[in-house]
Amino acid sequence: MTPPPEAPKDCQICPRLVEFRRSNQQKHPDFFNGAVASFGSHSARLLIVGLAPGLKGANWSGRPFTGDAAGDLLYETLLEFGFATGHYQARPDDGLELIDTMITNAVRCVPPQNKPVGGEINACRPFLDQRIKQTKALKVIMALGKIAHDSVVRTQNKRLVEYPFKHGARHQLDNQLVLIDSYHCSRYNLNTRRLTKPMFEDVFKLIRKEL
Ligand code: URA
């Protein structure tokens, strides 16, 4: 049976993530605490794939990248490059709208320590695969980090050795679809300057050339 492109909020597939959700529901009953659905336009030509919801970001707000440091740079840059309109205020009701863009995650539920394990990434891939298939106008996928990159490549049944993750790399997946890599815009990568704002903007310049 074809899976849907979005996991149900109370998805039960990954025992460790279900257990983590239960404990977060007790600790933070006011949080969203569920599988976070993709956000944006169904006719998007750009799909941005993150890793997984942050505990106090998307798992709090219910909207990808909303409420944590990773979202600050991502949404600021989307607004700068015309892929979003409005004002990002780090909350799901800030009225921000994406233009020609959808944002999703390789893993839809918050993992302990921000680290999904291989089995969880694999279990969640059918949702990513359907998200890609059902976004019919898609031309560019931006992978934020290697886990997102690898999961996207696997949805296309391609060999990872032939499509290695590299910041700023452009991979032709098929006639219509290009994959562009960036280091993840996490607080850690920004603090250590593995990724800087100009480096992130340079990747968006590459994306704009494609669209
Ligand atoms: N928030 C998300 O939704 N995804 C990430 O990868 C990081 C933060």
Q: Could you list, in sequence order, all residues of region 181-211 that are open to solvent by less than 10 Å² (accessible area, probe 1.4 Å) and within 16 Å of the ligand (Cβ to nearest atom)?
A: ASP181, SER182, CYS185, LEU195, PHE200, VAL203
Q | The listed residue being under 19 Å from SER186 (Cβ atoms), out of contact with any strand residue (DSSP E or B) (no Cβ under 9 Å at 6 or more places or on another chain), in a loop (DSSP other than H, G, I, E, B) and within 16 Å of the ligand (Cβ to nearest atom), out of GLY54, GLY34 | A | GLY54
Q. How about region 5-36: which of its residues are within 30 Å of PHE81 (Cβ to Cβ) and open to solvent by 40 Å² or more (accessible area, probe 1.4 Å)?
A. GLU6, PHE32
**Q.** Check on ALA70, more than 12 Å from the ligand (Cβ to nearest atom), modelled with pLDDT of 95 or more and either outside any loop (DSSP other than H, G, I, E, B) or open to solvent by less than 10 Å² (accessible area, probe 1.4 Å) (or both)
**A.** no
**Q.** Qualifying positions in region 38-51 - outside any strand (DSSP E or B) and within 11 Å of the ligand (Cβ to nearest atom)
**A.** SER38, LEU51
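Which residues, taken from region 101-137, are within 11 Å of the ligand (Cβ to nearest atom) and over 22 Å from ARG22 (Cα atoms)?
Of all residues in region 101-137, those within 11 Å of the ligand (Cβ to nearest atom) come to 103-111, 114, 116.
Those that are within 11 Å of the ligand (Cβ to nearest atom) and over 22 Å from ARG22 (Cα atoms): ILE103, THR104.
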Q) For LEU79, all conditions in the list (1) under 25 Å from LEU177 (Cα atoms); (2) in contact (Cβ under 8 Å) with a residue 40 or more places away in the chain; (3) surrounded by fewer than 23 Cβ atoms within 10 Å (Cβ to Cβ) hold save one; what is the number of the exception? A) (2)
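Limited to region 80-97, what total is found for residues that are over 20 Å from LYS197 (Cα atoms) and hydrophobic (A, V, I, L, M, F, W, C)?
First, the residues of region 80-97 that are over 20 Å from LYS197 (Cα atoms): 86, 91-97.
Still in the list and also hydrophobic (A, V, I, L, M, F, W, C): 96.
Going through region 80-97 one residue at a time, the tally reaches 1.
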Q) Filtering region 82-98 down to residues that are out of contact with any strand residue (DSSP E or B) (no Cβ under 9 Å at 6 or more places or on another chain) and of a type in the set (D, E, K, R), which residue is least open to solvent (accessible area, probe 1.4 Å)? A) ASP94
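Out of VAL140, VAL117, VAL110, which single residue is hydrophobic (A, V, I, L, M, F, W, C) and either at positive phi or surrounded by fewer than 17 Cβ atoms within 10 Å (Cβ to Cβ) (or both)? Lay out the reasoning, then the answer.
On the way: VAL140 fails: either at positive phi or surrounded by fewer than 17 Cβ atoms within 10 Å (Cβ to Cβ) (or both); VAL110 fails: either at positive phi or surrounded by fewer than 17 Cβ atoms within 10 Å (Cβ to Cβ) (or both).
Residue meeting the stated conditions: VAL117.
The values are calculated or read from the model by the stated rules, or taken from the named source; none is laboratory data. What you are looking at is a predicted structure, and each value in this text was computed from that prediction instead of being measured. All Cβ positions, even for glycine, are placed from backbone atoms using ideal geometry, and neighbour counts span all protein chains on display. Heads up: the accessible areas ignore ligands, DNA and RNA and are worked out on the full protein's heavy atoms, side chains in. Shrake-Rupley method; radii C 1.70, N 1.55, O 1.52, S 1.80 Å.
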